[in-house]
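The values are calculated or read from the model by the stated rules, or taken from the named source; none is laboratory data. As the structure is a computational prediction, the values presented were derived from the model and not from experiment. Note that each Cβ is placed from the backbone with ideal geometry, even for glycine, and that neighbours are counted across all protein chains shown.
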Amino acid sequence: MPRYDIVLLHGPSVYDFRKKPAVHGPISDVIPPSPYFEMYPIGLISISEHLVRAGFEVRIVNLAMKMLKSKSFDVEKFIKKLDARMFGIPLHWLPHVNGALALSEIIKKHHPKTPIVMGGFSSSFFHEEMIREFPSVDFVMRGDSTEKPMVELMEAVACEKRDFSHIPNLTWRGGNGEPVVNPLQYRPPDLNDVFTNYEHAIRQTVRHMDFTGYQPFQNWKKYPITAVFTCRGCIHNCRTCGGGAHYFAETMGRKRPTFKDPKLVANDMKVAEKFLNAPIFIIGDVLQHGEEYARELLAEIKRLKIKNEVVIEFFDPPKRELLEAIADAIPKFNIEISPESHDEEVRYAFGRPFGNEAMEKFIADAIELGCRRLDLFFMTGLPKQTAQNVLETVKYCEMLLDRHGHKKVLHPFISPLAPFVDPGSSVWQDPDRYGYKLLFT
């Protein structure tokens, strides 16, 4: 009997990065992981939690972390020793395409009869190509909420079934070698049964005696940030984003976001606080579901007396009244927002419909009300943007720092659109309309 029912393996962006020297450029300067994107998708934790609750033996292994930590770590030797009914590999964001597919081939080399399932945003977009062109990939689980379909697939594999036509969201290889695309039927109306359970992650870490295998990213020990999510999907359509409204409607079949009950989001935060004295990132603009949702979440955070530092992201500048509610509910709060450009015409063309006056008032209000850190993210490579326009964005940041920088709260960043345009985004589907030329698709 196999030791594990499923092992979920996360590889680096480029599999043989330890052998091939490369100049990566600033492709990960504004996110926690290194250029090898060793941070695995948070969805692995919720998938693992669902599978364990269903009675399966599950292990997560962050191979990218193990490879970064030790130049002598032998990936093939490690994989060869694993004994599992099935292997899972996330291919969420496109930078992982080389590492994820190379990993599938190595697994299949040492475990030729063991099925491999892949999932994530990029997998969902390329599901048929992956089955047709990569013999090492047996299944692709499509969709933004695959916890329950993954349990169904695991049950079928454990029972050694050969017909998988009953499993929603699954693309699999039929008897003739061609992909069989099951209907994308599982789209839960809410996320109340999905948990970002850090207690589960910690228990699994101890159970398998493998801290590195569960470590989210290289510098996590120095900056152990945690995350909870409010929704899956987005009401906005930033032109190059593979997680925007266009992608979800066309690829995931989801016309509007699905949300988690704000009381359950706050409970996830309380669980994270119980085990880790670390900042908690609330993923998803809390205003996407309306101000009532945001205020209910803040009221519950206040009731639970969450003391950890909390990071909140906004897609549009919030009004002062909501910032006052945040300051009242959260003793230590940070804010992130991505205006992308100082130029309102460029910003609107990219899909961020708000003006500088509203943003500058929001910045002033947030700092006045006690925001400990306010990150502004700008980007180059946008529709209607020119080289001169980018330099003017830098000057605009200088102006903001002259105005607010003495308090050391405001932190503007600017980075290129790199290394890929997200599959399924508006630009990917219609590059000419937005002034892009895609070299590979």
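When the range 317-356 is examined, which residues are found to be touching a strand residue (DSSP E or B) at 6+ places or on another chain (Cβ under 8 Å), part of a loop (DSSP other than H, G, I, E, B) and in contact (Cβ under 8 Å) with a residue 40 or more places away in the chain?
Passing the criteria: Pro317, Lys332, Ser341, His342, Arg352.
Do we find that Arg303 is in the same structural domain as His246 (by TED's automatic domain parsing), basic (Lys, Arg), surrounded by 16 or more Cβ atoms within 10 Å (Cβ to Cβ) and at pLDDT 95 or above in this structure?
Criteria not met by Arg303.
Mind counting the residues in the range 161-215 that are on the phi > 0 side of the Ramachandran plot and among the basic types (Lys, Arg)?
Here the count works out to 0.
All but one of (1) charged (D, E, K, R); (2) in a loop (DSSP other than H, G, I, E, B); (3) at pLDDT 95 or above hold for Arg59; which doesn't?
(2)
Of all residues in the range 191-200 being of a type outside the set (Asp, Glu) and surrounded by fewer than 20 Cβ atoms within 10 Å (Cβ to Cβ), which is farthest from Leu44 (Cα to Cα)?
So the residue we want is Asn192.
Which count do you get for residues in the range 134-193 that are farther than 26 Å from Gly424 by Cα and in contact (Cβ under 8 Å) with a residue 60 or more places away in the chain?
Within the range 134-193, residues that are farther than 26 Å from Gly424 by Cα and in contact (Cβ under 8 Å) with a residue 60 or more places away in the chain number 6.
Yes or no: the range 283-300 includes at least one residue that is at positive phi and in contact with a Leu (Cβ under 6 Å, 6 or more places away or on another chain). Spell out how you get there, then give the answer.
The initial filter retains those residues of the range 283-300 that are at positive phi, namely 284, 290.
From what's left, in contact with a Leu (Cβ under 6 Å, 6 or more places away or on another chain): none.
Looking for residues that are at positive phi and in contact with a Leu (Cβ under 6 Å, 6 or more places away or on another chain), one finds none in the range 283-300, hence no.
Condition (residue is surrounded by fewer than 19 Cβ atoms within 10 Å (Cβ to Cβ) and touching a Lys or Arg at 6+ places or on another chain (Cβ under 9 Å)) applied to the range 279-286: is it met by at least one residue?
No: zero hits.
Please return the ranges of helices (runs of 4 or more DSSP H) entirely within the range 126-212 where 1 or more residues are within 30 Å of Pro279 (Cα to Cα) and aromatic (Phe, Trp, Tyr).
Hits in the range 126-212: 198-208.
Does any residue in the range 383-408 that is free of Cβ contacts under 8 Å to residues at least 24 places away in the same chain come within less than 9 Å, Cβ to Cβ, of a residue that is of a type in the set (Phe, Trp, Tyr) and not in a helix (DSSP H, G or I) six or more places away or on a different chain, and which pairs are these?
Hits for this filter: Val394/Phe378.
Considering only the range 391-412, I want to know if a residue exists there that is of a type in the set (D, E, K, R), assigned to a loop (DSSP other than H, G, I, E, B) and out of contact with any Lys or Arg (no Cβ under 6 Å at 6 or more places or on another chain). Write out each step before concluding.
Residues of the range 391-412 of a type in the set (D, E, K, R): 392, 395, 398, 402-403, 407-408.
Among the residues that remain, those that are also assigned to a loop (DSSP other than H, G, I, E, B) are: 408.
So of that shortlist, the ones also out of contact with any Lys or Arg (no Cβ under 6 Å at 6 or more places or on another chain) come out as 408.
Yes, the conditions are met somewhere in the range 391-412.
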